[in-house]
1. Per DSSP helix of 4 or more residues, -39500 (n - 2.57); summed, then divided by the residues of the chain. What does that give at 222 nm, rounded to the nearest 500?
2. Largest first and to the nearest Å, give the Cα extent of the chain along each principal axis.
3. How high is the relative contact order of the chain? Use alpha-carbon pairs under 8 Å, at least six apart in sequence, and give a whole percent.
4. How would you order 46-52, 178-184 from highest to lowest mean count of nearby Cβ atoms within 10 Å?
5. If you rank 192, 102, 176 by fewest surrounding Cβ atoms within 10 Å, what's the result?
6. So, by mean Cβ neighbours within 10 angstrom, what's the order for 88-100, 145-157 with the highest one leading?
């Protein structure tokens, strides 16, 4: 697989992080288990974990799955998380990151698979955050076909999908490429935040 450039999606997500006002931290997101603050903590954690994974580091950042909580957000989260996302994008620009074996969330995977997991996390959680706070969201078109192929590979069987994705949500065949990806990850592309 030809390495993809994760930097644009990572910087878009970083920009969204900067747009979150304090009063929205308790608001719901399309992830039923995460409020906005929890999602931000998850994004901060995944930025560090997948940067370490790109560098083939086997340690605390890559050896366990995250357990996000808004109470753990650092005081400087609006600057720290975007900077960590830029570091993630830069780390995956190294062709060596895409080779050999990597680890993330305690799971060892080929480097190119780990990169696709990172891309899925960035793109899907970017959408989660954008719709939760009412911001527009776009993804670079060249990232969507490989992401669609990746999420399609999990099929519809809950045993295969595990805890990674919810049940597939059917979307019309004419839906956008992003909406097709969202449906395959168990997201409802029509989700909108409750009115405040």
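Each reported figure results from applying straightforward, stated rules to the coordinates on display, with no laboratory input. Bear in mind the structure is a predicted one, so any value in this text is a computation, not a measurement. Note: ideal-geometry Cβ built from the backbone for every residue, glycine included; neighbour counts use all protein chains shown.
1. About -14500 deg cm²/dmol.
2. 48, 43, 30
3. RCO, the chain: 24 percent.
4. Taking the mean over residues of other Cβ atoms within 10 Å, the ranking is 46-52, 178-184.
5. 192, 176, 102
6. Numbers: 88-100: 17.7, 145-157: 14.4.
Listed from highest to lowest mean packing, they are 88-100, 145-157.
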